[in-house]
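Below is one structure, written out as structure tokens, with a few remarks after it.
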Amino acid sequence: MSNQTWTDRAWNFFSSMKLGLILLLVIAVAAIAGTVIPQNQPPQAYGSSYELYDALGLTDMYHTWWFLVLLALLSMNLLVCSVHRFGALQRQFSALPAAKKAEDLRSLATKATSVQPGSVDAVAATIATRWQQAGYRVQRQSDGETQLIAADKGRWGIWGSLITHLGMLVLLAGAVVSTYMSTEDQAPLEVGQQVALSELGGLLGAPSNVAIQVKDFKTIYREDGTIQDWLSTLTVLKDGQEQLTQTIEVNQPLYYEGYKFYQAFYGANMVTHVTGPNGESRDVRLEEGEAVQVPGTKLAVMLYRYVPDFDPAIAPQTKSNEPNNPRVIYVVYEGMKQIDVGAAQIGVPETLPGGATLGIVSHRPYTGLLIRQDPGVNIVWLGCAILLVGMGLSFYLPYRRIWAAIEPKGAQATIAWAGISPKNKVAFVDEFHRLTETKPDVAKENDDGLE
Amino acid sequence: MGWSENLLFYLTFALYGIASLLYVSYLALRKPYLAQSGYWITVAAVTTNTAALVLRYLIAGYLPLTNGYEFLLAFSWGIAATYLIAERYYRIPLAGAFVVPVAWLILAYVAMLMDPVSRASRPLMPALQSNWLTYHVITAMVAYGAFAFSFGVGVMYLWKKSAIKSGRTTGIGAHLPSPERLDEIGYRLIAAVGFPLLTLCIITGAIWAEFAWGRYWAWDPKETWSAITWLIYAAYLHARHTFGWRGNRAAWMAIIGFMAVLFTFFGVNYFLTGLHAYAKS
Ligand code: HEM
């Protein structure tokens, strides 16, 4: 060992499966810690332990240096291990399994013997044909009087684990790209408004000649008044020219040159004018659920909800999605107590208890867009696809080998059979008996020939 | 929830209960007719379980996999259906005593701890209206069913081993299948069903999240726990190949893996918070 160079040692270290196993378990344990300790909270949330947590990176664990080191080690391990195993897999894949003599077959787990009439050659030919028909690669050779047959099937399965590992590497690479190269920002936009991507501070490096404009925005209600969806009709402008117009909804973003526009939130700006009994007035911009103090009184008005098609019989539900009778339902509070409710028409002042007035000057809904650009996503999907192909090969195309050694015995032939399929023993035992036309050994039924 | 939905739920619950009882009696008495009737009662239970899911589909107008009640109903279905298929394949009726009660316990949880309001179907919030969510939950259901089964088989393995060790030739332990067979069945359930489907479940979930929120992975506790579960089973598969971790260790890992599955499903909702919190009730 001592004459190993440090590169040999590093290679051995990184190609070791022991390291892989330890890494998988350590990453699992670290990930558990991250679900128990709340992540990305303000310092107060951690109380007196904040300094310690912060120093150890526990407040943003999945992006802390040591967690990334663990993932980097796992990637190194996967890479080195794949390179390391490539040659052996290649050899196993291209070469047929070596022929085995009858006495060697006896040491295998799944085995049987039988006697058949006919010459050794004729029997061997029948077996070879039968196995070929079952999809096996077959090789026949003579060993004196004896005929030896070796065959295998499912050899693409040999590559399964290697392909899975490559998929995992591609996936991790994509995740790194996402973490360090993605940008995003949010924009609340009223109908008619537009914003250039470069004006959104979060979208670093965004082109300044591309803008997004909101053509229309609608909230779709169900009959029971719950919200079914939000629809925003968006137009992408480049140098002021329309490029693309599309209606987006939740789960259906718009794509434009690497940018994705998501329906993320919604709201409405309501310009509100309140006048107290003494004539003092106040103008504010409110959203649903927000309140304003009425000047000179102990009252406050909260704008509860905008209803596009108001009908007193079903309020606060709306009759339809169309603004046939738009109203804003408001609640008047005195301290914590509700003392009045009403439904104000837009632009028509309402009289409040005690002589104050409330005017909702305008109601302008806005759509909340999330705009994201993430060059890592497609790399991650590619990694996932490779990973799934690898797993499919590994688990559903198990590599199996089968042998026969046929010896003459008078006018008959005695045959010693054996087979191996390390990844799918139970199903293989059935296949083995079908291929060899033998019956399972009833005395050994209990362990089915598994070692 | 209407009376017909309630009827189907309690019928399914009762049938799993009876089937569990029959299988447990079979474990103790080993009269073949007990296992046979257990099997057919489980078939009946899976039928009413399917009917309950179909009825919910007709009432709600979407695949019934979006609130806790619907998912638990689907979870019990996944466990029992996986069991029935595997039983045809491997013929180990004794496993029924270890698997069918898990399906029953899940519905017992619903019956005892979920109030009618949280069982009722509710309008879907916009983010949940996605086909990817459906694939996400279906794959989870089958994966979890296979993991529940491998858990049952792991328990049988440990029981069998202790029976062999103490040299008993009578009793339940002596009649369990050979340790090698149990070990192999547990392995196949994880390798051929549970692990690939959990992988698909995580991937379809990521695709859904990408469509809904523009984030394929956000380290939300539920996501993270599904990844932890996945890492545990990946470790199981690798340990089996290199260190030959079969037998006791493999059985324990199958048990720990299923604990992680249960924590992902129940624990995360009750002990931790996150994006998936809307699935709370
Ligand atoms: C998250 C990371 C990993 C995943 C998803 C993964 C996945 C897989 C899968 C699906 C198989 C086939 C298993 C089977 O046939 O039972 C496999 C086999 C294997 N893995 Fe990994 N693996 C990972 C990490 C590693 C690491 C770090 C090593 C380190 C050396 C490693 C070494 C191996 C080896 C040597 C096999 C071959 C087993 C065989 O074919 O007999 N794996 N892996």
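The values are calculated or read from the model by the stated rules, or taken from the named source; none is laboratory data. Keep in mind the model is a prediction, meaning the values are calculated, not measured. FYI the Cβ positions are ideal-geometry reconstructions off the backbone, even for glycines, and counts take in every protein chain you see.
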Check: Looking only at segment A:8-66, which residues are closer than 16 Å to B:D220 by Cα and touching a residue at least 60 places away in the same chain (Cβ under 8 Å)?
Finding: A:H63
Check: If you scan segment B:239-248, which residues turn out to be within 7 Å of the ligand (Cβ to nearest atom) and either in contact (Cβ under 8 Å) with a residue 60 or more places away in the chain or surrounded by 18 or more Cβ atoms within 10 Å (Cβ to Cβ) (or both)?
Finding: B:R240
Notebook entry, point to check: If you check A:V284 against the conditions, is it more than 11 Å from every other protein chain (Cβ to nearest Cβ), β-branched (V, I, T) and over 31 Å from the mean Cα position of the chain (by Cα)?
Noted result: yes
Next item on the list: Can you give me the number of residues within segment A:59-69 that are surrounded by 15 or more Cβ atoms within 10 Å (Cβ to Cβ) and modelled with pLDDT of 90 or more?
Entry: 1
Check: Going through segment B:194-208 one residue at a time, which ones are farther than 30 Å from B:V153 by Cα and either without any contact (Cβ under 8 Å) to a residue 60 or more places away in the chain or at the interface with another protein chain (Cβ under 7 Å from one of its Cβ atoms) (or both)?
Finding: B:A206
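Give me the strands (runs of 3 or more DSSP E) completely within segment A:131-222, filtered to those with at least 1 residues that are buried (at least 17 other Cβ atoms within 10 Å of the Cβ) and of a type in the set (D, E), ordered by residue number. Lay out the reasoning, then the answer.
On the way: elements: A:137-143, A:146-153, A:183-190, A:194-196, A:210-221.
Correct list: A:146-153, A:183-190.
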Margin query: Any residue at all in segment A:119-127 that's in contact with a helix residue (DSSP H, G or I) (Cβ under 9 Å, 6 or more places away or on another chain) and surrounded by 15 or more Cβ atoms within 10 Å (Cβ to Cβ)?
Written below: yes
Item checked: Restricting segment A:204-252 to residues that are hydroxyl-bearing (S, T, Y) and in contact (Cβ under 8 Å) with a residue 60 or more places away in the chain, the residue that is farthest from the other protein chains (Cβ to nearest Cβ) -> A:S232
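Just to be sure before I move on: is B:G145 small (G, A, S), more than 14 Å from chain A (Cβ to nearest Cβ) and surrounded by fewer than 17 Cβ atoms within 10 Å (Cβ to Cβ) in the structure I sent? Walk me through how you get there before you give the answer.
Values: small (G, A, S): yes; more than 14 Å from chain A (Cβ to nearest Cβ): yes; surrounded by fewer than 17 Cβ atoms within 10 Å (Cβ to Cβ): no.
Criteria not met by B:G145.
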Next item on the list: Go through segment A:304-327 and count every residue that is among the polar types (S, T, N, Q) and part of a strand (DSSP E or B).
Entry: 1
Notebook entry, point to check: Which residue, of A:N40, A:N77, is assigned to a loop (DSSP other than H, G, I, E, B), within 12 Å of chain B (Cβ to nearest Cβ) and in contact with a helix residue (DSSP H, G or I) (Cβ under 6 Å, 6 or more places away or on another chain)?
Noted result: A:N40
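Among the residues in segment B:55-73, are any closer than 26 Å to B:I172 by Cα and basic (K, R)?
Step one: list which residues in segment B:55-73 are closer than 26 Å to B:I172 by Cα, which gives none.
Within segment B:55-73, not a single residue is closer than 26 Å to B:I172 by Cα and basic (K, R).
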Note to self: Please determine whether any residue of segment A:381-395 is more than 10 Å from chain B (Cβ to nearest Cβ) and either away from the ligand (no atom under 16 Å from the Cβ) or touching a strand residue (DSSP E or B) at 6+ places or on another chain (Cβ under 9 Å) (or both).
What the structure shows: no
Check: How many of the residues making up segment A:2-18 are at pLDDT 80 or above and either among the charged types (D, E, K, R) or more than 16 Å from the ligand (Cβ to nearest atom) (or both)?
Finding: 6
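Could you please give the count of residues in segment B:209-235 that are within 14 Å of the ligand (Cβ to nearest atom) and either within 7 Å of another protein chain (Cβ to nearest Cβ) or among the acidic types (D, E) (or both)?
Pass one, segment B:209-235, residues within 14 Å of the ligand (Cβ to nearest atom): B:226-235.
Then drop every residue that is not either within 7 Å of another protein chain (Cβ to nearest Cβ) or among the acidic types (D, E) (or both), which leaves B:227-228, B:231-232, B:234-235.
Counting residues in segment B:209-235 that are within 14 Å of the ligand (Cβ to nearest atom) and either within 7 Å of another protein chain (Cβ to nearest Cβ) or among the acidic types (D, E) (or both) gives 6.
Please find, within segment B:160-206, the residue that is nearest to A:S421 (Cα to Cα) out of those that are among the acidic types (D, E) and within 16 Å of the ligand (Cβ to nearest atom). Outline the logic, then answer.
Filtering segment B:160-206 down to residues among the acidic types (D, E) leaves B:180, B:183-184.
Now restrict to residues that are within 16 Å of the ligand (Cβ to nearest atom): B:183-184.
Numbers: B:D183: 15, B:E184: 12 Å.
Looking at the filtered set, the residue picked out is B:E184.
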Next item on the list: With the condition kept exactly as written, say whether any residue in segment A:38-58 is closer than 21 Å to A:V176 by Cα and either of a type in the set (S, T, Y) or modelled with pLDDT of 85 or more (or both).
Entry: no
